[in-house]
Amino acid sequence: MTGGLPELLKTLLEPFGFVLRALPLSVLILALSVVFGSMLGMLLTFARLKKNPVSSKIAAVFISFQRGTPILVQLFLIYFGIPRITQMFGLDLSSADPTIFAVLAFTLNESAFLSETFRSSYLAVEKGQQEAAYSVGMNGWQSFHRIILPQAVRIGLPNFGNLVIELFKNTSLSFTIGVMDLMGRANQFITLDMGVKQVQTYFALAVIYWIGCIGIERIIALLEKAFVRGNASVLTAKG
């Protein structure tokens, strides 16, 4: 064997370093999609919980569509569909940054799943606690903000974390519409390298996603502990 261990390490680290440069973009897509998806998810949750049959039905249909169709199909619908629609009104988006369409598609998809997580977490909190809050003089907002919300967040955090991890992996589909994310950089390296280090490149890509998912798991675990300590402090203070 020529080269030995140094050559082997170079073979593995070269694609790893090349692909890793796209990590900030993948993280940006993830962060924006989670933030906007959470905001839209809250609106969908409120619509489902309200007694208005129209808004509740619209939200239910939207959630069903997003959860029942492949994310790749949704990504293509957004990327190819929106420019054609806007073109009818004289707005040309054919040269727009594909990252925008990726964030929009992931936001809409994530909002549907987050909405169901938010709704189930809210419904899991015993309603008797809200009545008890009213009995000690709290109004609706105070009982929700101080009693219901902290418990709902703690209940929903594990599912929230799983959805974020799933979304992080799904961002790898962005390359299909021309986004130079982690997967896009990996394919670019393979093309430039004439496919010589194809296996090493995909292995490096897998390691990057794996480490990223572990990092997200750790962050969610820390948040869970923080909420548990926060709830314990509130209960101690009240006691």
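The values are calculated or read from the model by the stated rules, or taken from the named source; none is laboratory data. Just so you know, these numbers come straight off a predicted model, no measurement behind them. Glycine also receives a Cβ, built like all others from the backbone with ideal geometry; neighbour counts cover every protein chain displayed.
Some notes on this structure:
- Qualifying residue in the stretch 100-111 (condition: at pLDDT 95 or above, under 18 Å from the mean Cα position of the chain (by Cα) and closer than 20 Å to Lys50 by Cβ): yes
- If you check Phe175, Phe144 for being part of a helix (DSSP H, G or I), free of Cβ contacts under 8 Å to residues at least 24 places away in the same chain and touching an Asp or Glu at 6+ places or on another chain (Cβ under 9 Å), only one passes: Phe175.
- Checking Leu93 against (1) more than 15 Å from the chain's Cα centre (by Cα); (2) assigned to a helix (DSSP H, G or I); (3) not hydroxyl-bearing (Ser, Thr, Tyr), the condition it does not meet: (2)
- Against the conditions (1) out of contact with any helix residue (DSSP H, G or I) (no Cβ under 6 Å at 6 or more places or on another chain); (2) closer than 23 Å to Ile208 by Cβ; (3) hydrophobic (A, V, I, L, M, F, W, C), Ala22 satisfies every one except (1).
- Residues located in the stretch 144-189, provided they are in contact with a Pro (Cβ under 8 Å, 6 or more places away or on another chain) and crowded, with 17+ Cβ neighbours inside 10 Å: Ser174, Ile177, Val179, Ala186, Phe189
- Being surrounded by 12 or more Cβ atoms within 10 Å (Cβ to Cβ), under 24 Å from Gly156 (Cα atoms) and within 21 Å of the chain's Cα centre (by Cα) holds for only one residue in Val27, Val61, and it is Val27.
- Residues (modelled with pLDDT under 95 and out of contact with any helix residue (DSSP H, G or I) (no Cβ under 9 Å at 6 or more places or on another chain)) located in the stretch 150-194: Met194
- Lone qualifier among Phe227, Phe203, Phe160, Phe189 - being of a type in the set (Phe, Trp, Tyr), closer than 21 Å to Phe113 by Cα and in a helix (DSSP H, G or I): Phe160
- Restricted to the stretch 201-223, and to residues there that are surrounded by fewer than 16 Cβ atoms within 10 Å (Cβ to Cβ) and of a type in the set (Phe, Trp, Tyr), the residue that is farthest from Lys169 (Cα to Cα) is Phe203.
- Of the set (1) assigned to a helix (DSSP H, G or I); (2) under 21 Å from Pro150 (Cα atoms); (3) without any contact (Cβ under 8 Å) to a residue 12 or more places away in the chain; (4) over 13 Å from the mean Cα position of the chain (by Cα), all apply to Val73 but (2).
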